[in-house]
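Remarks on the structure that follows.
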Amino acid sequence: MSNRDLPNSEFPDDELRREQEFIDGLYARVDVLRGETETSVEDALAQGDKPMQARLERDILVAERSGLLAALNAVDGSLCFGRIDLADGTAHHIGRIGLREDDAERTPVLIDWRADVARPFYLATGHTPMGLRRRRHISTEGRTVSSLHDEILDLGDATRTGYEDHNGDAVLLAALNSARTGRMSDIVQTIQAEQDEIIRAPYRGVLVVEGGPGTGKTAVALHRAAYLLYEYRELLARRAVLIVGPNPAFLGYIGEVLPSLGETGVLLATVGELFPGVKATATDTPQAAAVKGRAGMADVLAAAVRDRQALPDPVIAIGHDREVLMLDDGLVSVARERTRAAKLPHNAAREYFEGHILNTLTELYAERVGTDPYDGSSLLDASDITQIRDELAENPEVWHAIDQLWPRITPQRLVADFLAEPDGYLSEEDAAAVRRRVTRAWTVADVPLLDEAAELLGVDDRWARARAERARETQIAYAQGVLDVSYASRTYEFEDKEDGDPDASEVLSAHDIIDAERFAERHEEADHRSAAERAAANRTWAFGHIIVDEAQELSPMAWRLLMRRSPTRSMTLVGDPAQTAEAAGVGSWADILAPYVEDRWEHTRLGVNYRTPAEIMELAAAVVRAENPDFEPPSSVRSTGVRPWVRRADGDLPEAVAKAVAELTPAEGRLAVIAPRPLHRCLAARLDGVTAGAEPDLTHTVVLLDPRQAKGLEFDSVLVVEPGAYGTSDLYVALTRATQRLGVLYTDGLPQALAAGVTGP
């Protein structure tokens with residue numbers, strides 16, 4: 001690398017000194033902004049004006065929710081990371097957020113990496129310089145400039161700084177070789193051209209980003225979210241962006257990326273967290289998850305709902321005013337079919353069913369007591385019929401019958417009852433797979449069923465609407481009282497003024513400029529939650545954009561859930577069909593999308609592996625080729641010279657694992673032990689500080705995972721235990737998590753594809 005070492009004390013070099021002064025000025029500006037904000041808050045809250053204080057507290061909360069202070073606090077790591085020098089002599093510094101001068105023109109000081117003017121920083125080449133003379137990468141440690149790397153794009157420019165990087169890969173390779181921390185870092189400084197094209201693609205429509213392990217799919221998706229929030233701020237800040245990950249550990253792993261880019265208004269969730277009030281904590285068998293994930297489960301649940309719309313067996317007798325009215329299956333069947341014809345969800349349709357039953361009972365009673373015995377004519381007029389209906393509506397037996405025939409049902413009740421007794425809806429084998437009695441814990445595969453049930457059932461909101469209307473009337477009445485007092489006070493103040501006094505005629509009271517209804521609306525309590533927070537609590541929320549990672553693993557039922565949350569079909573789907581492991585996973589992009597957008601979707605592929613060294617990728621690819629000889633893995637950009645090893649563990653497996661962990665644990669960074677779940681307890685007992693659990697802490701030096709938990713993660717070193725216990729896709733995932741070193745331990749059943757890597761006892 002041509003970039004010379006930098007002194008630790010002073011910076012005699014003019015280029016380095018200038019960049020350090022610029023960085024210092026940026027942070028001084030940020031400190032002032034932060035300090036002014038905090039000081040204004042403190043001063044405002046110190047005021048004695050209670051209404052003023054309440055308003056200021058509200059405004060402060062809104063500002064915090066908007067992410068302003070969070071963005072300033074999050075970018076301390078490397079506020080500025082680059083500079084582009086244009087052919088016309090101008091230069092722009094590129095950073096995580098944009099900052100401007102306080103002059104009238106609001107001159108840019110730092111260009112946001114997402115702005116169009118910053119794009120040449122990622123796309124310019126010597127062949128296509130895009131108007132640039134030079135591209136500079138600025139590396140920092142905290143607020144101190146640690147190194148500069150210049151790329152010359154105009155070969156005719158003889159000016160040199162001494163920081164020229166002739167191969168242009170120094171910054172990228174340094175990032176790839178750096179020790180992992182247990183949290184994904186952003187790639188904003190090293191975005192490659194193929195990644196930039198995906199990040200800046202239009203937000204409308206469905207974009208599928210496919211790529212093998214280590215191609216940066218997840219990082220690209222997250223930076224795409226940051227770009228869309230920048231480019232379409234007004235729309236997406238209001239509707240929010242949803243990012244769906246495969247498991248909680250993965251969400252924790254990626255959780256700091258968007259805040260580091262100044263974006264906090266995004267909802268991160270697993271499928272198991274997308275039904276408000278439910279968090280999936282139980283575990284299904286693979287067969288149960290596969291059955292629950294089938295598209296046909298939508299029809300099964302619809303049939304379960306229809307079965308709750310019952311008929312009398314054989315009749316229901318209702319006593320009313322010394323008469324007994326008989327509801328038989330014929331009468332109820334007519335009411336049921338008329339209600340179903342409205343094509344409303346079950347609970348929302350109940351109001352119609354109630355009306356039909358009340359009308360039927362009214363006709364029965366009127367015929368019984370209001371018919372002339374001689375000529376059969378009716379003795380009742382319209383008011384009599386109305387009175388009879390009103391009296392029947394107050395009869396508890398009527399409502400007991402309606403509850404039997406068309407009960408109110410919650411999604412939880414419907415799904416729990418179905419899982420307890422699935423016979424009659426599924427085959428004997430499938431029913432046995434899913435049968436269980438739900439108490440409190442739900443599984444991830446249950447959540448799409450709950451969402452489907454909620455869609456089929458709907459909500460009978462008559463009581464909620466009535467309560468809201470009563471509360472509104474109370475508020476309006478209170479507001480009217482306030483206005484009346486204001487008017488009376490103003491009348492008393494001016495009652496002694498003479499007619500024609502201009503002061504008396506021009507004074508406006510509150511009555512003159514606002515009525516009670518609008519006055520009440522202005523004093524309604526505002527909802528200061530962010531769009532993401534409101535979306536998390538609202539099952540019917542329509543997101544502005546949805547990003548799905550490991551999308552190939554989602555079941556057809558899970559896709560039905562997600563598509564309800566994206567009526568505009570604005571989505572980015574990230575995954576790799578070769579890594580499909582879940583039995584319910586769809587795998588094929590066409591099969592996933594055809595029911596919703598047919599063939600109206602874009603597909604792009606990332607083909608460069610930035611994570612996995614060539615030596616490790618060669619071993620991992622052999623596993624897939626044993627099943628699919630035509631498989632072509634992504635090409636690795638680097639080789640470490642360290643080959644993975646495969647060893648037989650004779651005797652005590654936990655002891656062999658402990659020795660291998662001691663050998664592989666890096667001086668800096670993280671190591672993952674990937675082993676079958678049944679081995680976790682015994683392995684954790686022999687590894688200091690390691691625990692077995694569903695949500696491991698990835699910031700620990702050594703963590704214990706199974707292959708499904710390891711999806712999307714990366715570690716400096718990886719130890720794979722008992723590879724013969726995994727399917728092909730799970731083993732492929734496990735073998736491709738390492739950035740530096742890989743070891744494999746087995747006791748028996750070594751896959752043939754790994755045999756070539758055996759290195760010794």
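Identify the single condition in (1) in contact (Cβ under 8 Å) with a residue 60 or more places away in the chain; (2) of a type in the set (S, T, N, Q); (3) more than 18 Å from residue 735 (Cβ to Cβ) that residue 665 does not satisfy, given that it satisfies every other one.
Here residue 665 clears every test but (1).
Among the candidates 642, 637, 624, single out the residue that is buried (at least 18 other Cβ atoms within 10 Å of the Cβ), among the hydrophobic types (A, V, I, L, M, F, W, C) and either without any contact (Cβ under 8 Å) to a residue 60 or more places away in the chain or under 27 Å from residue 704 (Cα atoms) (or both).
Values: 642 fails: buried (at least 18 other Cβ atoms within 10 Å of the Cβ); 637 fails: either without any contact (Cβ under 8 Å) to a residue 60 or more places away in the chain or under 27 Å from residue 704 (Cα atoms) (or both).
Unique residue meeting the criteria: 624.
Considering segment 400-431 alone, what residues qualify as being surrounded by 14 or more Cβ atoms within 10 Å (Cβ to Cβ), hydrophobic (A, V, I, L, M, F, W, C) and assigned to a helix (DSSP H, G or I)?
Listed by number, the residues that qualify are 401, 402, 405, 414, 415, 416, 418, 419, 431.
Somewhere in segment 395-404, is a residue touching a residue at least 12 places away in the same chain (Cβ under 8 Å), over 20 Å from residue 354 (Cα atoms) and not small (Gly, Ala, Ser)?
Taking every residue of segment 395-404 in turn, none turns out to be touching a residue at least 12 places away in the same chain (Cβ under 8 Å), over 20 Å from residue 354 (Cα atoms) and not small (Gly, Ala, Ser).
Quick one: which residue in 171, 220 is open to solvent by less than 10 Å² (accessible area, probe 1.4 Å) and of a type in the set (Val, Ile, Thr)?
220
Step by step: first the residues of segment 694-704, then only those that are over 23 Å from the mean Cα position of the chain (by Cα) and surrounded by fewer than 24 Cβ atoms within 10 Å (Cβ to Cβ), then the one that is nearest to residue 751 (Cα to Cα). Which residue is that?
702
Just give me the residues in segment 565-610 being among the β-branched types (Val, Ile, Thr) and crowded, with 16+ Cβ neighbours inside 10 Å, in sequence order.
Of segment 565-610, the ones among the β-branched types (Val, Ile, Thr) are 568, 572, 574, 580, 586, 592, 597, 604, 608.
If the condition is that a residue be among the β-branched types (Val, Ile, Thr) and crowded, with 16+ Cβ neighbours inside 10 Å, then 572, 574, 580, 586, 592, 608 are the ones that fit.
How many residues are under 11 Å from residue 312 (Cβ atoms), of a type in the set (A, V, I, L, M, F, W, C) and not in a helix (DSSP H, G or I) if we restrict to segment 326-346?
2
Give segment 553-564 a look and list any residue that's at pLDDT below 95 and open to solvent by less than 10 Å² (accessible area, probe 1.4 Å), or say none.
None; the set is empty.
For segment 185-225, name all the residues that are of a type outside the set (Asp, Glu), at pLDDT below 90 and under 17 Å from residue 255 (Cβ atoms).
Scanning segment 185-225 gives 185, 187, 188.
Consider segment 731-744. How many of its residues are more than 16 Å from residue 703 (Cα to Cα), surrounded by 23 or more Cβ atoms within 10 Å (Cβ to Cβ) and touching an Asp or Glu at 6+ places or on another chain (Cβ under 8 Å)?
Residues flagged as more than 16 Å from residue 703 (Cα to Cα), surrounded by 23 or more Cβ atoms within 10 Å (Cβ to Cβ) and touching an Asp or Glu at 6+ places or on another chain (Cβ under 8 Å) within segment 731-744 amount to 0.
Determine, yes or no, whether residue 264 is among the polar types (S, T, N, Q), in contact (Cβ under 8 Å) with a residue 60 or more places away in the chain, assigned to a loop (DSSP other than H, G, I, E, B) and surrounded by 21 or more Cβ atoms within 10 Å (Cβ to Cβ).
no
List every residue pair whose Cβ atoms lie under 8 Å apart, where the two residues are 6 or more positions apart in sequence or sit on different chains, the first residue falls within segment 161-186 and is of a type in the set (A, V, I, L, M, F, W, C), and the second residue, located anywhere, is part of a helix (DSSP H, G or I).
So the pair list comes out as 184/218; 184/219; 184/222; 184/253; 184/254; 184/257.
Name the residues in segment 214-253 that are closer than 22 Å to residue 700 by Cα and not in a helix (DSSP H, G or I), would you?
If the condition is that a residue be closer than 22 Å to residue 700 by Cα and not in a helix (DSSP H, G or I), then 214, 245, 246, 247 are the ones that fit.
Select the strands (runs of 3 or more DSSP E) contained entirely in segment 686-752, then report the ones holding at least 3 residues which are under 20 Å from residue 578 (Cβ atoms).
738-746
For every residue, the table says whether it meets (1) open to solvent by less than 50 Å² (accessible area, probe 1.4 Å); (2) hydroxyl-bearing (Ser, Thr, Tyr); (3) farther than 20 Å from residue 311 by Cβ; (4) without any contact (Cβ under 8 Å) to a residue 12 or more places away in the chain.
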position: 333; (1), (2), (3), (4): yes, yes, no, no
position: 338; (1), (2), (3), (4): no, no, no, no
position: 354; (1), (2), (3), (4): yes, no, no, no
position: 359; (1), (2), (3), (4): no, no, no, no
position: 367; (1), (2), (3), (4): no, no, yes, yes
position: 383; (1), (2), (3), (4): no, yes, yes, yes
position: 390; (1), (2), (3), (4): no, no, yes, yes
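Considering only segment 437-470, how many residues are under 30 Å from residue 694 (Cβ atoms), at pLDDT 95 or above and not aromatic (Phe, Trp, Tyr)?
Of the residues in segment 437-470, the ones under 30 Å from residue 694 (Cβ atoms) are 437-455.
Of the ones still in play, those that are also at pLDDT 95 or above are 442-455.
Add one more test, that the residue is not aromatic (Phe, Trp, Tyr), and what stays is 443-455.
Residues flagged as under 30 Å from residue 694 (Cβ atoms), at pLDDT 95 or above and not aromatic (Phe, Trp, Tyr) within segment 437-470 amount to 13.
The values are calculated or read from the model by the stated rules, or taken from the named source; none is laboratory data. Note that the structure is a prediction, hence the values are computed from the model and not measured. Reconstructed Cβ throughout: ideal geometry from the backbone, glycine too, with neighbour counts over all protein chains shown. Calculation scope for accessible area: heavy atoms of the full protein, side chains included, ligands and nucleic acids excluded. Shrake-Rupley method; radii C 1.70, N 1.55, O 1.52, S 1.80 Å.
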